[in-house]
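K.L.:
Please find one structure pasted underneath; my questions will follow.
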Amino acid sequence: MTVSALPRPRRVKYHWRAHTMLLIVLAVMIYPLVWLVGASFKPENQIFTTVNPFPTSFTLGNYISGWTATGTSFSVYLSNSIVISACVVVGNVVSCSLAAYAFARLDFAFRKTWFALMLGTLMLPFQATLIPQYTIFYQLNWINTFLPLVVPYLLAYDAFFIFLMVQFIRGIPKELDEAAELDGAGHGRIFLSVILPLLKPALITTTILTFIWTFNDFLRQLVYLSDHTRYTAPLGLNSFVDKASGSSYGGMLAMSVITLVPTVAVFLISQKRLVEGVANTGIK
């Protein structure tokens with residue numbers, strides 16, 4: 001009896017043209033970021049004199065002057081952004097998970113209709129509801145406070161994350177719920193002890209995306225905040241642009257790099273979990 005020889009593995013053909021094209025695309029995409037970081041270390045008079053992103057004379061003056069160039073310490077803007085983002089993250093994770101459990105597991109009147117209406121809100125642009133929301137918050141005397149930026153997310157405001165969690169919960173076998181019911185568990189116990197631990201990938205995805213989107217938000221914060229002491233990092237960067245006396249580009253670029261650090265760090269640290277969470281929810 002003879003043993004057939006194992007097939008030889010195919011040699012992977014090196015597609016140098018495709019790799020070259022990908023490297024060119026990568027260079028084009030990453031160049032603005034490299035230029036931003038490099039320009040932040042250049043003297044003010046050398047920022048726009050060359051396309052070379054690397055500084056010929058290194059200086060930290062832009063970071064020192066830019067930290068207080070607007071009259072308010074940039075640490076105030078960063079702390080405001082972090083506080084708002086943290087509150088929105090907590091609100092989104094708690095409220096959206098509860099709403100998703102209700103849509104996925106509870107049987108109540110017009111459940112499919114309410115779910116369809118909830119998904120319909122995804123097609124509404126922010127600008128379509130801006131004026132009604134502003135009117136409500138103005139009557140509540142919430143303008144120029146953090147409340148309009150935080151409170152809606154405590155009420156399951158973000159339909160995207162509700163849908164994401166509903167898709168994930170529907171993939172959890174209902175037999176686990178039934179086994180918990182046999183042990184006398186109610187919906188609260190089932191949610192906390194059965195669903196919530198298995199919902200961890202979706203919760204991580206919600207946390208990461210909510211933090212990044214909220215930290216980088218500009219329009220909503222521009223509408224509701226007018227006091228410089230309550231400005232967030234994006235509004236603080238906008239304060240560098242002075243139509244009357246010109247712009248402090250060096251300080252603005254330096255503070256732009258500082259503003260990028262939290263979101264880039266969160267993304268790099270949790271990139272693997274983010275991809276796993278999106279894949280496990282079935283979102284394509």
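K.L.:
If you scan the stretch 254-284, which residues turn out to be at pLDDT 90 or above and farther than 13 Å from I212 by Cβ?
P.N.:
Result: A254, M255, S256, V257, I258.
K.L.:
It is to be established whether one or more residues within the stretch 135-153 are in contact (Cβ under 8 Å) with a residue 24 or more places away in the chain, on the phi < 0 side of the Ramachandran plot and exposed (fewer than 14 other Cβ atoms within 10 Å of the Cβ).
P.N.:
Within the stretch 135-153 (the criterion being in contact (Cβ under 8 Å) with a residue 24 or more places away in the chain, on the phi < 0 side of the Ramachandran plot and exposed (fewer than 14 other Cβ atoms within 10 Å of the Cβ)), the answer is no, since none of the residues qualifies.
K.L.:
Shifting gears a bit: Look at I24 and say whether it is among the β-branched types (V, I, T) and touching a helix residue (DSSP H, G or I) at 6+ places or on another chain (Cβ under 8 Å). Please lay out each step first, then the result.
P.N.:
Details: among the β-branched types (V, I, T): yes; touching a helix residue (DSSP H, G or I) at 6+ places or on another chain (Cβ under 8 Å): no.
Answer is no for this residue.
K.L.:
Go through the stretch 26-46 residue by residue and tally those that are part of a loop (DSSP other than H, G, I, E, B) and modelled with pLDDT under 85. Walk me through how you get there before you give the answer.
P.N.:
As a first pass, look at the stretch 26-46 and keep what is part of a loop (DSSP other than H, G, I, E, B): 40-43.
With the extra rule that they be modelled with pLDDT under 85, the set shrinks to none.
So the count comes out to 0.
K.L.:
Need a quick list: helices (runs of 4 or more DSSP H) entirely within the stretch 143-225 having at least 3 residues that are under 26 Å from T263 (Cα atoms) and not hydrophobic (A, V, I, L, M, F, W, C).
P.N.:
Values: elements: 147-150, 159-170, 174-182, 187-190, 200-215, 219-224.
Fully inside the stretch 143-225 and qualifying: 200-215, 219-224.
K.L.:
Would you say I195 is among the β-branched types (V, I, T), over 15 Å from the mean Cα position of the chain (by Cα), under 24 Å from S65 (Cβ atoms) and modelled with pLDDT of 90 or more?
P.N.:
It is false that I195 is among the β-branched types (V, I, T), over 15 Å from the mean Cα position of the chain (by Cα), under 24 Å from S65 (Cβ atoms) and modelled with pLDDT of 90 or more.
K.L.:
Another question about this same structure. With the structure loaded, tell me whether V223 is within 22 Å of W35 (Cα to Cα), aliphatic (A, V, I, L, M) and surrounded by fewer than 21 Cβ atoms within 10 Å (Cβ to Cβ) or whether it fails that test. Quick ask: steps written out before the conclusion?
P.N.:
Details: within 22 Å of W35 (Cα to Cα): no; aliphatic (A, V, I, L, M): yes; surrounded by fewer than 21 Cβ atoms within 10 Å (Cβ to Cβ): yes.
So V223 fails the test.
K.L.:
Looking at I84 and the list (1) over 17 Å from T232 (Cβ atoms); (2) at pLDDT 95 or above, which single condition is not satisfied?
P.N.:
(1)
K.L.:
Tally time: how many residues in the stretch 107-126 are surrounded by 10 or more Cβ atoms within 10 Å (Cβ to Cβ) and not basic (K, R)? Spell out how you get there, then give the answer.
P.N.:
Initially, the stretch 107-126 is screened for residues surrounded by 10 or more Cβ atoms within 10 Å (Cβ to Cβ), giving 111, 114-122, 124, 126.
Cutting the leftovers down to not basic (K, R) gives us 114-122, 124, 126.
Final tally of qualifying residues: 11.
K.L.:
Against the definition (without any contact (Cβ under 8 Å) to a residue 12 or more places away in the chain, of a type in the set (G, A, S) and either under 30 Å from E178 (Cα atoms) or not assigned by TED's automatic domain parsing to the domain that holds G186 (or both)), how does A102 come out, yes or no?
P.N.:
Numbers: without any contact (Cβ under 8 Å) to a residue 12 or more places away in the chain: yes; of a type in the set (G, A, S): yes; either under 30 Å from E178 (Cα atoms) or not assigned by TED's automatic domain parsing to the domain that holds G186 (or both): yes.
When the stated conditions are applied, A102 passes them.
The values are calculated or read from the model by the stated rules, or taken from the named source; none is laboratory data. These figures come from a predicted structure and were not determined experimentally. No Cβ is skipped: glycine too gets one built from the backbone with ideal geometry, and neighbour counts run over all protein chains shown.
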